[in-house]
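*Asks:* First, the structure itself, so that you have it in front of you.
What follows draws every value from the coordinates through simple rules; no lab data is involved. Values in this document were obtained by computation on a predicted structure and should not be read as measured data. A quick note on method: Cβ atoms are made from the backbone with ideal geometry, for glycine too, and the neighbour counts reach across all protein chains shown.
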Ligand code: GLN
């Protein structure tokens, strides 16, 4: 990596991308998300040696949506280890995040834990092992974020419940194949709450640092996952973090990462840094239009991706 002044680079990127600020459309299929100001733009980067750098709306919380699927996967791996991989695959889907197509031909086993179907199966696994799934899951996210103030947004969760035909179709199809073991409404409830967690860019970047360090929480020194599990989570993010745009993200940004329809993206460079971006307007694949561009310019200007 070049010896870089992140503050100057963030400034340059924000100026360079100004002409594109109206591109894309914020998600409206979850009515509560449509209320967010689509023009927000924030970034926060945590570097293991150089510290914190940020710009724009980096302190404002938003709905992290599918970014939370990294947390649920991490917790499920901690609980049942490799057994998990008989319930969900690790292959890129090449289809939309809420697609039903592959489930029918692949016996109800979702391609990976980051598409909706895969995350719903992970929630089913968590339901089977946790005493108080909603409370325990939120407490786990609070622990890896080192932040006891994180909350679900109940309005967002309930809003999503009202428009959940697609996710219901996914779970019923999987149950028919024997891949859902708990009550469908309870599993979906946990899934919607998982998606509704709110964090800001600063909190998100910090909460992904255990994947930068090979599994270790930098604050407590505790091992969240072992180095092999950290490698695997990063590998799944690299291949599946952006649904049918995973190739494009690797091609342009060159880091493992995860997006959400709230407009957030987290990406990381193992051993170096984690970075979170937020811009609610999405491209056609459901990933933040501006977020992708910001990260593309960042790794290009830093001359530093994993490739
Ligand atoms: N909660 C959203 C859904 O189930 C998550 C989708 C996403 O962020 N890609 O549709």
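*Asks:* Roughly what angle does helix 133-145 make with the longest principal axis of the chain, taking Cα atoms, 0 to 90 degrees, to the nearest 10?
*Replies:* Helix 133-145 sits at roughly 20 degrees to that axis.
*Asks:* Against the longest alpha carbon principal axis of the chain, how many degrees, from 0 to 90 and to the nearest 10, is the axis of helix 116-129 turned?
*Replies:* On a 0 to 90 degree scale, this one is about 60.
*Asks:* Next up: Taking neighbour counts of Cβ atoms within 10 Å as a proxy for exposure, in what order, fewest first, do 213, 8 appear?
*Replies:* Details: 213 17, 8 10.
Ranking 213, 8 by Cβ neighbours within 10 Å, fewest first, gives 8, 213.
*Asks:* Right, here's the next one. Rounded to the nearest 500, what is the chain's calculated 222 nm mean residue ellipticity when only DSSP H runs of at least 4 contribute -39500 (n - 2.57) each, over all residues?
*Replies:* On the way: 12 runs with 131 residues, N = 307.
Taken over the chain, the calculation gives -13000 deg cm²/dmol.
*Asks:* Between 0 and 90 degrees, rounded to the nearest ten: what's the tilt of helix 227-240 against the longest Cα principal axis of the chain?
*Replies:* That works out to roughly 90 degrees.
*Asks:* So for 171, 36, fewest C-beta neighbours within 10 Å to most, what's the order? All intermediate terms of the calculation are to be shown ahead of the outcome.
*Replies:* Values: 171 23, 36 17.
The order, fewest Cβ neighbours first, is 36, 171.
*Asks:* With label points built 7 Å along Cα→Cβ from the Cα atoms of residue 181 and residue 82, find their separation and express it in nm.
*Replies:* Calculated label separation equals 1.9 nm.
*Asks:* How do 58, 82 rank when sorted from fewest to most other Cβ atoms within 10 Å of their own Cβ? Write out the running numbers ahead of the final one.
*Replies:* On the way: 58 24, 82 10.
Lowest count first: 82, 58.
*Asks:* Determine the relative contact order of segment 204-257: mean sequence separation of Cα pairs under 8 Å and six or more apart, normalised by residue count, in whole percent.
*Replies:* Numbers: 51 pairs, mean separation 12.8, N = 54.
Dividing the mean separation by the residue count of segment 204-257 yields 24 percent.
*Asks:* Determine the relative contact order of segment 68-197: mean sequence separation of Cα pairs under 8 Å and six or more apart, normalised by residue count, in whole percent. Mind dumping the intermediate values first?
*Replies:* Values: 157 pairs, mean separation 41.6, N = 130.
Relative contact order here is 32 percent.
*Asks:* Right, next: In percent, how large is the relative contact order of the chain, given Cα pairs closer than 8 Å and 6 or more residues apart? Could you put the intermediate results ahead of the total?
*Replies:* Numbers: 604 pairs, mean separation 87.3, N = 307.
Value for the chain: 28 percent.
*Asks:* Could you please state, rounded to a whole Å, how far the C-alpha centre of segment 1-71 is from the C-alpha centre of segment 226-298?
*Replies:* That distance is 12 Å.
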